[in-house]
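Engineer: Below are the structure tokens for one structure; questions will follow.
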Amino acid sequence: MTATALQPLSATTRETLARVGAATIANALLKRGLRNTMLLGLQPLSPDQPALVGQAFTVRIIPAREDLDSMALYARDDSLHRRAIEECPAGAVLVLAPGGDTRASVMGDMMALRLLVRGVAGAITDGGFRDTPGIRSTGLPCFQRQASGPATPIHLHPVDFNQPVGLAGVAVYPGDVIVGDGEGVVCIPRHLADEVAAEAADVTAYEAFAAAHIRRGRSIFGLFPATPESRIEYDRWVAAGRPPIA
């Protein structure tokens with residue numbers, strides 16, 4: 001139940017994933033046979049928060065039991081909930097997986113602030129956070145199903161770290177790459193992250209080319225989705241230095 005070493009993302013891959021969009025990434029994964037990668041139903045805590053990119057540090061959470069869970073036990077230093085905040089690696093995404101249970105919160109503003117100070121990239125849950133105005137004020141990118149005010153021990157009990165979990169119906173393995181933005185949250189198997197980032201960047205650049213033509217009245221037929229002919233046209237445009245499209 002301790003943090004494991006994660007094969008780090010390169011700065012190039014991280015920066016690329018932050019700008020290409022979760023939906024574009026999901027399409028690239030679909031081409032590779034992965035259909036269930038979008039964590040549907042998760043919403044950004046703040047509409048203007050930056051894109052979230054990082055590798056998953058998972059926390060599996062089960063329903064609480066009265067003889068094991070109390071605020072007194074929760075406050076102990078061996079509390080797995082509090083340990084998760086201190087052990088999630090810098091640059092990672094804290095994945096809090098209560099199985100969709102929103103009856104109690106999985107994190108509040110003090111924990112979010114500690115994650116921010118420690119350099120954690122952000123947090124996601126298919127449950128809910130409490131103290132959401134305070135979490136927003138930290139600037140830590142977070143995604144949740146819905147806000148939840150009750151204290152964690154009332155209904156939830158963290159049981160282990162860095163094990164595969166189900167979140168919003170998607171399998172998330174430790175080290176998978178989480179990308180969240182205004183379109184939603186997507187989970188990328190780590191071994192595919194670099195190639196998916198490169199392909200998504202290419203798709204995004206081509207779509208900018210196609211959009212410029214569409215704004216000037218061109219039909220989407222033969223343009224979008226890309227055809228072999230339109231790709232040749234695009235490659236020539238890139239080779240010419242991406243001049244304004246008349």
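Engineer: For Asp160, what residues show an amide H to amide H distance below 5 Å, using hydrogens built from the backbone and excluding near sequence neighbours?
Structural biologist: Residues meeting the amide H criterion: Arg60.
Engineer: Each residue of region 230-237 in order: what ³J(HN,Hα) in whole Hz does its phi give by Karplus 6.51 cos²θ - 1.76 cosθ + 1.60, θ = phi - 60°, with x for Gly and Pro?
Structural biologist: Those phi angles translate into 6, 5, 4, 4, 5, 4, 5, 5 Hz.
Engineer: Please report the orientation-averaged projected area of region 196-239, defined via the convex hull of its C-alpha atoms, in nm².
Structural biologist: Across all orientations, region 196-239 yields a mean hull projection of 3.1 nm².
Engineer: Right, something else. So what are the ³J(HN,Hα) numbers for region 211-222, from phi and the Karplus equation (6.51, -1.76, 1.60; θ = phi - 60°), rounded to whole Hz, Gly and Pro as x?
Structural biologist: 4, 4, 5, 4, 4, 9, x, 6, 5, 6, 4, x
Engineer: Using 0.36 nm per residue of separation minus the Cα-Cα distance, give me the extension gain between Met110 and Arg216 in nm, one decimal.
Structural biologist: Value of the extension gain: 33.1 nm.
Engineer: Quick one: length gained pulling Arg65 to Ala151 fully straight, 0.36 nm per residue minus the C-alpha distance?
Structural biologist: 29.6 nm
Engineer: Could you please report the charge total around Asp101, scoring K, R as +1 and D, E as -1 over all other residues with beta-carbon less than 13 angstrom from its beta-carbon?
Structural biologist: Within the 13 Å Cβ shell, the charges total +2.
Engineer: Measuring from a point 7 Å past the Cα of Gln7 along Cα-to-C-beta, which residues in region 163-183 have an amide N at less than 20 Å?
Structural biologist: 163-165, 171-179
Engineer: How high is the FRET efficiency between Ala90 and Val159 when r is their beta carbon distance and R₀ equals 25 Å, given to the nearest 0.05?
Structural biologist: Approximately 0.55, to the nearest 0.05.
Engineer: Which FRET efficiency value, to the nearest 0.05, is calculated for Asp202 and Ala72 with the Förster distance at 45 angstrom and r the Cβ-Cβ distance?
Structural biologist: Calculated transfer efficiency: 0.25.
Engineer: How big is the charge dipole of region 135-221 about its Cα centre, in debye rounded to the nearest 20, if each Lys and Arg gets +1 on its Cβ and each Asp and Glu gets -1 on its Cβ?
Structural biologist: Taking the Cα centre of region 135-221 as origin, the dipole is about 440 debye.
Engineer: Per-residue HN-Hα couplings for region 100-113, Karplus 6.51 cos²θ - 1.76 cosθ + 1.60 at θ = phi - 60°, whole Hz, x for Gly and Pro?
Structural biologist: After applying 6.51 cos²θ - 1.76 cosθ + 1.60, I find x, 6, 10, 6, 9, 7, 9, 5, x, 5, 5, 5, 4, 4 Hz.
Engineer: When only C-alpha pairs under 8 Å and at least 6 residues apart count, what is the relative contact order of the chain, in percent?
Structural biologist: Relative contact order for the chain comes out at 28 percent.
Engineer: Provide the gained length on full extension for the span Trp237 to Arg190, in nm with one decimal, where the gain is 0.36 nm per separating residue minus the Cα-Cα distance.
Structural biologist: The span from Trp237 to Arg190 would gain 13.6 nm if fully extended.
Engineer: Pull up all non-local amide H partners of Leu167: gap of 5 or more, or a different chain, and H-to-H distance under 5 Å with H placed in the peptide plane.
Structural biologist: Close amide H contacts, sequence-distant or interchain: Val172.
Rule-based calculations on the coordinates, nothing more; no lab input. Everything quoted here is computed from the prediction, not taken from an experiment. We place every Cβ from the backbone using ideal geometry, glycine too, and count neighbours over all the protein chains shown.
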